[in-house]
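Student: Structure in structure tokens, see below.
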Ligand code: C5P
């Protein structure tokens, strides 16, 4: 049995992509596999937490003992996270939320015709930013997938979104990140310098994440 150092804690995790309909048969999404978020949910559950996992569509089965809330769109994900936010002690936002959605999903399948068509998109809410605005007891964690200037861009997100911890990874690398079982990350917090974790399993990234969060909250 894992150490029960999250016993009595409520952990809210988001995972996977969001999927935004274009018409009844087509959609916009991204390459998120959900593996990082599911590993976080699993590790938190093993360490004694009561875990709620709000997940976009993935091929993964939910970890034992975790309450899964399946969602499709960013707006649905936001609604479910807001429902569970107030009670949560730790909120880990590992989902890859689509930044834009079609202004409206067509009721009927769009027929092919002219060479060029326009698909107007509208910004989705930044769910994590908005959760940060109403943060109380919650310890708030975000992820940043960057292809350039990893630490600079990550640092900016940490402050803008009022996070307690940000996990940054370099998605330009083929061997880690999206779809992979492994990851190599930096942990950034407002109070200490970036901590590098060499390439390891997503389970081990999750373990380290909770080690750091527990150490931080003890200091508080
Ligand atoms: O700004 P960027 O998308 O890089 O930030 C990544 C972090 O913000 C992730 O934790 C992601 O889950 C969250 N996010 C969000 N809502 C969005 C976009 C990103 O909650 N619309």
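We did not get these values from a lab; they are worked out from the coordinates using the rules stated. Predicted model, so just to flag it, every value in this text is computed and none were measured. With ideal geometry, Cβ positions are generated from the backbone for all residues, glycine too; neighbour counts draw on all protein chains shown.
Student: Rounded to a whole number of µm²/s, how large is the Stokes-Einstein D of segment 143-220 at 37 °C and 0.692 mPa s, given Rh as the Kirkwood radius over C-alpha pairs?
Tutor: In µm²/s, the coefficient rounds to 256.
Student: Right, here's the next one. Counting only Cα, what are the radius of gyration and maximum Cα-Cα distance Dmax of segment 82-195, in Å?
Tutor: When restricted to the Cα atoms of segment 82-195, Rg and Dmax are 17.7, 56 Å.
Student: If you don't mind, there's one more thing I want to ask. Counting other beta carbons within 10 Å of each residue's own, what order do 216, 77, 36 fall into, fewest first?
Tutor: 216, 77, 36
Student: Let me ask something else. Percent of alpha carbon pairs in segment 29-110 separated by more than 17 Å?
Tutor: 50
Student: Averaging over every viewing direction, what projected area does the convex hull of the Cα atoms of segment 2-46 cover, in nm²?
Tutor: Dividing the Cα hull surface by four gives the mean projection, 4.1 nm².
Student: Per 0.36 nm of contour for each residue apart, how much would the distance between residue 162 and residue 64 grow if the chain were fully extended, relative to their Cα-Cα spacing?
Tutor: 32.1 nm is the gain from fully extending residue 162 to residue 64.
Student: What number results when the radius of gyration of the chain, computed over Cα atoms, is divided by 2.2 N^0.38 Å?
Tutor: Scaled against compact globular proteins, the figure is 1.04.
Student: Stick to the Cα atoms of segment 69-110, pair each with every other, and give me the Kirkwood hydrodynamic radius in Å at one decimal.
Tutor: By the Kirkwood definition, the hydrodynamic radius is 12.4 Å.
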